[in-house]
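Okay, so here's the structure we're looking at.
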Amino acid sequence: MPEEQPPSAEMVLRHIDGLLRRRPDRETRDFSAATRCFTAYRDHVTGRIRDKGSPPLSLERLAKLNAVLSALYAVHYPIGSPPWVLLEKARDSFAALAAEFSMAGEA
Amino acid sequence: MQLWSLADADCIVIMGSNMAENHPVGFRFVVQAKQRGATIIHVDPRFTRTSALADLHAPIRSGSDIAFLGGIIRYILVNDLWFKEWAMAYTNIAALISEDYQDPEQLDGLFSGFDEKGGSYRIETWQPAGEEEPSPLAEHHAQHHASTTETLFGARRMHGPPAEDRTLRDPNCVYQILKRHYERYTPEMVERITGCPRETFLKVCEALTKNSGPDKTGSFCYAVGWTHHETGVQIIRAATIIQSLLGNVGRPGGGVMALRGHVSIQGSTDLPTLYNMLPTYLPQPNATKPHHTLKELLKAETVPTGWWHNFPKYFISLLKAWYGDAATMRNDFGYSFIPKMVGDHSQQPSTLAASDGVIKGMFVFGQNPTVGSVNADLVERSLSKLDWLVVRDSFETETASFWKKGRLVQRGELRPEDIGTEVFLLPACAQAEKDGTVTNTGRLVQWHDKVVEAVGDSRSDLWFIVHLGIRLKRLYAGSQAKRDGAIQALTWNYRLHGQKQEPDALQVLQEINGRDLTSNKLLSSYQELRDDGTTACGGWLYCGITPDEDHNQSRSRKPDPPDGPGTHLNWAFTWPSNRREMYNRASADPEGRPWSEAKRLVWWDERQSRWTGHDVPDFEPDKSPDYRPDWSKDPVGMEALSGIDPFIMIPHGKSMLFVPSGLKDGPLPTHYEPLESPVRNILYDRQNNPVTKMWPRPGNELHETADPCFPYVLTTFRLTELHCGGLSTRAMPHTAELQPEAFVEIPPELAAEKELAHLDWVILSTLRGEIEVKAMITNRLRPFTIDGRVIYQIGMPWVFGYEGYAHGDTANVLLAIFGDANTSIHSTKALTCNLRKGRLAGPGGRRDA
């Protein structure tokens, strides 16, 4: 069975931007699609970092990537109103991180 | 309240619980009360052994509890049967609420402040006139909008008690709001909604009110039959309103008894396993709130008045207990080490997040989620997405074997070779094989000794956690990464003994109790805690449980003699301060005298100028009943509560009949139909609780209201013979043979319609899944007439699975993932389903009949 192609950072950004534009409430399919795309990207990056022997700088970046995922989680499963501002900030962090992963050959 | 206090009750209403079967040890106090002449009432859809031992069984349709309890509130108010001296002094019944408040009676099922798009409430209009009322600290995270906390707390000081109308004539006073809110909850309406005959309902009202007052007290007992609804918190609130109107709080035989489902579920709430709390009800910092530094957290969360004003002492002492010398004033006592939550991390969202790949690994202790969690097939799918799963149990549970024998594997939807989850099953000690404590339903902490060596490689939970911690600390010892600082800083110096290197459980209890770091002496009371880093305490409410190195109060086993006070202060330890009844100041009248000789508990001793009595007073010991705060001096904390404010954890010291802050779904309980219901809401166009947490997705679909494909109400329940998730007893031949296989209880009338005979196979179906079980045709369940229509309810034990000797399909396959807005807890008691005769097609001999 051919291995599934990992999602690109652009695909992840498209999902996040779509959420930020539509700001859906009480409907999780958009959220789930975004989360699944993000976690597939994260898992791909994790695999590449492990292949490189998990250098500390890469692990630092990976921790930041997981922090972005936390922001996505926060709007998907909010305690009160979804903290969209948090996701807006996280979106920009992700864009910067994705560039770093790409430069480092980890995505 | 304490379980034994039930024996002092004159009337006990058991509702949302089958206490005789599921809490048989505690039920003996109900039997004692009955022998002393108390009236016992069981309100439940099923006629069980609890009903058989009660004086009165009132059947109600599952999910209609608030209509029933609201009817009692109306009965009390309309017939003027409330305990006026008590409620006028100790509740907010006279408080004036904002003129902008609007009731569901005006807004057809909504409270004012509802944001339809966001699906949540803003609470400004629920506030007392002219001020904003903070909620008790432990409820802060129930605040609705991130901005609300900033306006309600911080530097704000209260300038006096809330405005009141002691004549109770003002239309905006709580009394008038209550009367209007429950005006339509007449006995006739109760019957139309719940199916309980009005005559039976009125007998409940009469018994309860007749047995409440200065000389008498009544209790409510509930279990997950109340909590496992999307309106669970509001059901309990409705009971607290009744008890506060009748003066049944803080008094012998009075109260609302939460019957906890597992032996130490109270302890796991206290210490806790809850995602949004730190030990003993301190809030977990939140990344979306102003909690970025310790200073910000304390400013945002410290309640200006009442006992919770002491929050900084408890929080900083906890940081010292966890991080020891690494917690200094310079580094905010290690505050940055504490994880900040970002959202709802409770079990149901976590299950869904796992299925989306967010969560990579999971530890499962003391739980069997593929049997005990709702939408059990979706749970299996989520587990199959993990990288690793560690299950610690005494037996191979369905959770541990899902990858080879699970339902999805049996049906061919998953193949073991396609599941990437690496499962580790580690043998765990049973209770008698380890030292430790159990905290039971009455906050009673009892020590138990290890009495037998565990077999094979079994280890205690404490062993596992301590040795895991040792290995993690070793793993990260040389790390330079800031994110590993929390593990490096963690104090983890537990004594290990014996061949198995078992940690010393008493040392852990002493860590929870706390020490004075200037002397290294154990603390004897939480009043000794300080906020300057000189005390360490792992859980302030447990402070005093080990006041000396050679004194473990939880070991104590000295009951009172038969003619003693009956509070049994030398039997184990009850948090806080070994106090048996919380808010027991309310057992005395405003002047400090017992309401009656029969119901003495604590009182003001004029001669000694102190509170005294049979229990540890839940009040400042020398605060005189005539103390009044001097508001010109801007009082804070307990200074701001008067000598007649018993509810010291509440900012104003009064029982809140109307709750301005702290709840997400309204200041008053109001009847909504369950999310899945065969009938429309008779009271409002608004069918369901509008702020229910819902996570629709493929595999978690919900039924429409009155969907003819799913016409029956489904409830689930436990069995005496099979404990909780079931396996610890299903794997034992002597208990398994008592309940050998799964069944569904079906009323004879429905059985006749379906041409079912006793022990026929039937298929139960929902949009989440289908299961097959044997039919138990029984009069325990009767058809309900709901607004003139016959509605059938069926019930099934949820404790079965495929492991052990007693097999059967898992009821939780049928249920859906959604939750109470305040707690996110699942709903297991009132859903809809279909039922047909036959067997499922498929492997394992399953076929259509």
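Read-outs: derived from the displayed coordinates by stated rules, not from any lab. Since this is a predicted model, take the numbers as computed values, not measurements. Every residue, glycine among them, receives a Cβ derived from its backbone with ideal geometry; neighbour counts consider all protein chains shown.
Working note: Cα gyration tensor of the range B:545-603, eigenvalues times five, square-rooted, sorted largest first, giving semi-axes of 26, 15, 7 Å. A Förster distance of 56 Å, applied to the separation of the beta-carbon atoms of B:Lys179 and B:Gln431, puts the FRET efficiency at 0.65.
With q set to 0.09, 0.18 Å⁻¹, the log10 of I(q)/I(0) for the range B:201-331, from the Debye formula over equal scatterers at the Cα positions, is -0.43, -1.11. Of all aspartates and glutamates in the structure, the ones whose alpha carbon falls short of 20 Å from that of B:Lys623, not counting any fewer than 8 places away in one chain, are B:Glu528, B:Glu581, B:Asp589, B:Glu591, B:Asp605, B:Glu606, B:Asp615, B:Asp634, B:Glu639, B:Asp645. With a threshold of 29 Å on the Cα-Cα distance, the over-threshold entries among B:Lys404/B:Lys774; B:Lys404/B:Lys500; A:Lys64/B:Lys404; A:Lys64/B:Lys289; B:Lys405/B:Lys774; B:Lys385/B:Lys774 are B:Lys404/B:Lys500; A:Lys64/B:Lys404; B:Lys385/B:Lys774.
Each residue of the range B:458-465 was assigned a 3J(HN,Hα) from its phi angle through the Karplus curve 6.51 cos²θ - 1.76 cosθ + 1.60 (θ = phi - 60°); the sequence is 4, 10, 6, 4, 4, 4, 4, 5 Hz, with glycine and proline shown as x. Remark: the range B:543-553, residue by residue, has Karplus-estimated 3J(HN,Hα) of 4, x, 6, 10, x, 9, 4, 9, 10, 10, 4 Hz, where x stands for each Gly or Pro and the curve is 6.51 cos²θ - 1.76 cosθ + 1.60 at θ = phi - 60°.
Amide H neighbours of B:Phe573 under 5 Å, at least 5 residues apart or on other chains, H built in the peptide plane: list them. Amide H to amide H, under 5 Å and 5 or more residues apart or across chains, B:Phe573 pairs with B:Val445. With the convex hull of the Cα atoms taken as the outline of the range A:20-71, the averaged projected area works out to 3.9 nm².
Dividing the summed helix terms, -39500 (n - 2.57) for each DSSP H run of n ≥ 4, by the number of residues in chain A produces a 222 nm estimate of -25000 deg cm²/dmol to the nearest 500. Eigenvalues of the alpha-carbon gyration tensor of chain B, scaled by 5 and square-rooted, set the equivalent ellipsoid semi-axes at 39, 36, 27 angstrom, largest first. Radius of gyration over Kirkwood radius for the range A:21-107, both on Cα atoms: the Rg/Rh ratio is 1.01. Summary of the geometry: the range B:541-605 and the range B:448-523, compared by the centres of their Cα atoms, lie 32 Å apart. Among B:Tyr627, B:Tyr712, sorting on how many other beta-carbon atoms sit within 10 Å of each Cβ, with the fewest leading, yields B:Tyr627, B:Tyr712. Percent of C-alpha pairs per 10 Å bin in the range B:454-567, short distances first: 12, 30, 33, 19, 5, 2, 0. Going by alpha carbons, how many degrees (0 to 90, nearest 10) lie between the helix axis of A:29-51 and the longest principal axis of chain A? Helix A:29-51 and the main axis of chain A meet at about 20 degrees. Amide H contacts under 5 Å for B:Val390: B:Met362, B:Phe363, B:Val364, B:Phe424, restricted to partners 5 or more places along the chain or on a different chain, H placed in the peptide plane at 1.01 Å from N. Compactness of the range B:719-849 was expressed as the Cα radius of gyration divided by 2.2 N^0.38 Å, which yields 1.11. Charged neighbours of B:Phe27, selected by a Cβ distance under 13 Å, balance to +2 (K, R count +1; D, E count -1).
Near B:Thr125: Cβ cut-off under 12 Å, other residues only, Lys/Arg at +1 and Asp/Glu at -1. The net charge is -4.
Rg and Dmax of the protein assembly as shown, both derived from C-alpha coordinates alone, stand at 27.8, 88 Å. For the range B:472-536, how big is the tail of P(r) above 16 Å, as a whole percent of Cα pairs? Counting every Cα pair in the range B:472-536, those more than 16 Å apart make up 62 percent.
By the compact-protein rule of thumb, 2.2 N^0.38 Å, the alpha-carbon radius of gyration of the range B:782-826 corresponds to a ratio of 1.66. Each label was represented as a point 7 Å from its Cα along the Cα-to-Cβ direction; for B:Ala52 and B:Tyr805 these points are 2.3 nm apart. The alpha carbons of the range B:509-585 occupy a box of 45, 30, 15 Å along the principal axes, longest dimension given first. Of B:Ile470, B:Ile746, B:Ile644, B:Ile771, the sequence from fewest to most neighbouring Cβ atoms within 10 angstrom is B:Ile470, B:Ile644, B:Ile771, B:Ile746. Backbone geometry of the range B:642-659 corresponds, through the Karplus equation with coefficients 6.51, -1.76 and 1.60 at θ = phi - 60°, to 3J(HN,Hα) couplings of 7, x, 10, 10, x, 8, 5, 7, 8, x, 9, x, 10, 5, 9, 5, 10, 9 Hz, x marking Gly and Pro.
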